[in-house]
Ligand code: BMA
């Protein structure tokens, strides 16, 4: 297998004393800035409780050197739209801002009987504030207002003059383009479930990693038993709506204890990957309980994709 698990996995586990992260820490966004990997993970203090975002960092990509005791982002007291939690964050730097896309879990406002809804939420922060841990997140926006949608991320640069986003209206992964990051147009299905291990649905995972051969995209596939595996695809550099290669086997699947046993068994789920000196570091949640990392040489990833 190309992707190798770190021997020291899991790199983050729940901390019993911190109520907000006492049971589940998983599905982490990752971004490499200022010589370290910043890991923003989803955390819960009970299975039914709200999700918040915690912060840890690592200089070598494996060992966590720093972890904050308090969440750095959580449900807004001012909005019903994410009152049940901030789930599965993804981070992308575009220019001098870092964007965080997340699944906003809240109420459909104005209903006589409460109806829950998950939609895409977006916020951003300046790179300076992020590196100085001044958590001055911008106002939250909801690009597809009240559409059941999640697993979204941005590409790190404009392509052919447009911002590009991937999102997921089940069971497909979609791609959309924008001039201003407010109105998203030219939506189309990017990828649909194709293999047995992604029979039920697929969804984007880590924001794309640029290589000379194309954009590497790691996604997840859910099978008929609700097992979550990681998949691998390559998108065209100039036309990211074009899939140029796709692995027919999982890139990673639940095998180890920390992926098989946990609050939700048999789940591997990524929200972030980084490239450090031509090695791909994939951060992923194991069984919705811990954060893990696995690595592969970029050249081997491209080779397994046949390009
Ligand atoms: C999805 C999301 C993920 C989670 C997965 C498995 O719907 O909620 O955060 O890892 O289910 O429980």
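Counted residue by residue at 0.36 nm each, then reduced by the alpha carbon distance between them, the extension gain from residue 131 to residue 257 reaches 41.9 nm.
Per the Kirkwood definition applied to all pairs of different Cα atoms, how many angstroms is the hydrodynamic radius of the stretch 109-250?
16.4
Using a Gaussian network for the chain with springs between C-alpha atoms less than 10 Å apart, which of these wobbles most: 30, 294, 43? Maximum fluctuation in the GNM of the chain, among the listed residues, is at 294.
How much FRET efficiency would the formula 1/(1 + (r/R0)^6) give for residue 33 and residue 238, where r is the Cβ-Cβ distance and R0 is 30 Å, rounded to 0.05? Before the final figure, lay out the partial values.
Numbers: r = 26 Å, r/R0 = 0.87.
Calculated value: 0.70.
Taking a ≥ b ≥ c as the square roots of the eigenvalues of the Cα gyration tensor, an a/c ratio of 1.5 or more together with a/b larger than b/c marks the stretch 55-148 as prolate.
Please order 23, 122 by the number of other Cβ within 10 Å, starting at the fewest.
Values: 23 18, 122 21.
So the ranking, lowest neighbour count to highest, is 23, 122.
Helical content of the chain, expressed as a calculated mean residue ellipticity at 222 nm, amounts to -1000 deg cm²/dmol (DSSP H runs of 4 or more residues, -39,500 (n - 2.57) each, divided by residue number, nearest 500). Residues 261, 271, 83 in ascending order of nearby Cβ atoms (within 10 Å, fewest first): 261, 83, 271.
Values of log10 I(q)/I(0) for the chain across q = 0.12 Å⁻¹ run -0.73, by the Debye formula with one identical scatterer at each alpha carbon and no solvent. Remark: spin-label model distance residue 264-residue 189 equals 2.3 nm, labels positioned 7 Å along the Cα→Cβ axis.
Put in order of Cβ neighbour count within 10 Å, fewest first, the listed residues 302, 190 become 302, 190.
Fully extended, how many nm does the chain gain between residue 160 and residue 66 (0.36 nm per residue separation, minus their Cα-Cα distance)? Kindly include the intermediate steps, with their values, before the conclusion.
Working: separation 94, 0.36 × 94 = 33.84 nm, distance 3.87 nm.
Stretched fully, the residue 160-residue 66 segment lengthens by 30.0 nm.
In terms of the Cα gyration tensor, with a ≥ b ≥ c the square roots of its eigenvalues, is the stretch 145-225 rounded because a/c is under 1.5, prolate because a/b exceeds b/c, or oblate?
Numbers: a/c = 2.48, a/b = 1.39, b/c = 1.78.
Verdict is oblate for the stretch 145-225.
Normalising the average separation of contacting C-alpha pairs (under 8 angstrom, six or more residues apart) by the number of residues puts the relative contact order of the stretch 4-304 at 16 percent.
If the segment from residue 16 to residue 225 were pulled out straight at 0.36 nm per residue, it would be longer than the present Cα-Cα gap by 72.2 nm.
One Cα centroid belongs to the stretch 135-164, the other to the stretch 74-101; the line between them spans 10 Å. Debye sum, Cα scatterers, the stretch 1-127, no solvent: what log₁₀ I/I(0) at q = 0.10, 0.11, 0.12 1/Å? Here the Debye-derived log intensity ratios amount to -0.35, -0.42, -0.50. Centre-to-centre, using Cα atoms only, the stretch 223-277 and the stretch 16-71 are separated by 20 Å.
Using the Cβ-Cβ distance between residue 148 and residue 182 with R0 set to 25 Å, the FRET efficiency from 1/(1 + (r/R0)^6) comes to roughly 0.80.
Read-outs: derived from the displayed coordinates by stated rules, not from any lab. The structure presented is a predicted model; accordingly, all values stated were derived computationally and were not measured. Cβ: placed from backbone, ideal geometry, glycine included. Neighbour counts: every protein chain shown.
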